[in-house]
1. Residue by residue through segment 60-79, note down the ones that are surrounded by fewer than 18 Cβ atoms within 10 Å (Cβ to Cβ), at pLDDT 95 or above and either in a helix (DSSP H, G or I) or touching a Ser or Thr at 6+ places or on another chain (Cβ under 8 Å) (or both).
2. Condition (residue is in a strand (DSSP E or B), touching a Phe, Trp or Tyr at 6+ places or on another chain (Cβ under 6 Å), of a type in the set (Phe, Trp, Tyr) and surrounded by 20 or more Cβ atoms within 10 Å (Cβ to Cβ)) applied to segment 159-182: is it met by at least one residue?
3. Report the residue count in segment 82-92 for those that are more than 15 Å from Trp216 (Cα to Cα) and among the β-branched types (Val, Ile, Thr).
4. Which condition from (1) β-branched (Val, Ile, Thr); (2) surrounded by 18 or more Cβ atoms within 10 Å (Cβ to Cβ); (3) more than 25 Å from Ala146 (Cβ to Cβ) is the one that Thr95 breaks?
5. List, please: which pairs have Cβ atoms under 7 Å, are six or more places apart or on different chains, and start with a residue in segment 30-45 that is modelled with pLDDT of 95 or more and end with one that is of a type in the set (Val, Ile, Thr) and part of a strand (DSSP E or B)?
6. Starting from residues that are over 19 Å from Tyr142 (Cβ atoms) and among the hydroxyl-bearing types (Ser, Thr, Tyr), keep the ones in segment 183-223 and report whichever is surrounded by the most Cβ atoms within 10 Å (Cβ to Cβ).
7. Every residue in segment 125-140 that is farther than 22 Å from Thr77 by Cβ and touching an Asp or Glu at 6+ places or on another chain (Cβ under 7 Å), please.
8. Scan segment 4-22 and tell me whether some residue there is on the phi > 0 side of the Ramachandran plot and either of a type in the set (A, V, I, L, M) or at pLDDT 95 or above (or both).
Amino acid sequence: MEPHLPPAPSTLGSGFPAEPVIDHIMTRAGVQRVPSAKLSLFIRCGLIPADLCTTLIARIDARRRPSTIADANGDPTFRTSETCDLDSADPVVATAERLIYDFCGLDPAHGEPLQGQRYAVGQEFKAHTDYFDPQGRDFAKYCSVAGNRTWTVMLYLNEPGAGGATRFKAIDKIVQPEVGKLLAWNNLRPDGSPNPATLHHGMKVRDGTKYVLTKWFRERPWG
């Protein structure tokens, strides 16, 4: 594995406004932009090599815990996955983060700590958005320091036997898990307000286990 190096500096800041980030992403090799006027969604297959994915899966299995949601909605089955908080001081994690930063061009200072998620058979994350609802009960708790989430970068680390796709309901786009495949999307509208068209569903795993990485970026520096 590569040695732990500091991330490269970025001039794109938080990712708002989105146009410079979109321009940067479109220069990356192999990137696909999903055609839609409702949201900015990008796909890049094979961003993380398979051996790194395997190592990250082991990290997630070693430290996973039940996933939570910010604003409880009374549905105990709304999010049934497990989550792992990954340590950027770990050279394996740092290598994955550098690939993410290079792809999106966003300032590492605006990034939340990298997380891993594990979905066993029957587990899912029902349709949700990644931004925090400004009218939500816990908005101030989660957004008073760093602001709302601007961009989401998610990577599939493996391919379950069946199920586990991500569906963007507003555009009826379903993305199937593949080893090392990246999804990136802008959570905000051009005016900076949350974009409800980013509603997405981590669909139930039907066979095997699904592992993903998630990196969120904020309006202001994290922490």
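The values are calculated or read from the model by the stated rules, or taken from the named source; none is laboratory data. Fair warning: this is a prediction, and the values are worked out from it, not measured in the lab. Heads up, the Cβs are rebuilt from the backbone with ideal geometry, glycines too, and the neighbour counts pull from every protein chain shown.
1. Taking segment 60-79 first, the residues surrounded by fewer than 18 Cβ atoms within 10 Å (Cβ to Cβ) are 61-66, 68-78.
Those left that are additionally at pLDDT 95 or above: 61-66, 77-78.
The answer is Asp61, Ala62, Arg63, Arg64, Arg65, Pro66.
2. Residues of segment 159-182 in a strand (DSSP E or B): 162-163, 166-168, 173-175, 182.
Okay, now just the ones that are also touching a Phe, Trp or Tyr at 6+ places or on another chain (Cβ under 6 Å), so none.
Looking for residues that are in a strand (DSSP E or B), touching a Phe, Trp or Tyr at 6+ places or on another chain (Cβ under 6 Å), of a type in the set (Phe, Trp, Tyr) and surrounded by 20 or more Cβ atoms within 10 Å (Cβ to Cβ), one finds none in segment 159-182, hence no.
3. 1
4. Answer for Thr95: the failing condition is (3).
5. Final answer for the pair search is Gln32/Ile43; Val34/Ile43; Phe42/Val31; Ile43/Val175; Arg44/Val31.
6. Looking at residues that are over 19 Å from Tyr142 (Cβ atoms) and among the hydroxyl-bearing types (Ser, Thr, Tyr), I get Tyr211.
7. Initially, segment 125-140 is screened for residues farther than 22 Å from Thr77 by Cβ, giving 131, 134-135, 139-140.
Result: Phe139, single match.
8. Our first condition is that a residue be on the phi > 0 side of the Ramachandran plot; within segment 4-22, this holds for 13, 15.
If we keep only those that are either of a type in the set (A, V, I, L, M) or at pLDDT 95 or above (or both) too, we end up with none.
No.
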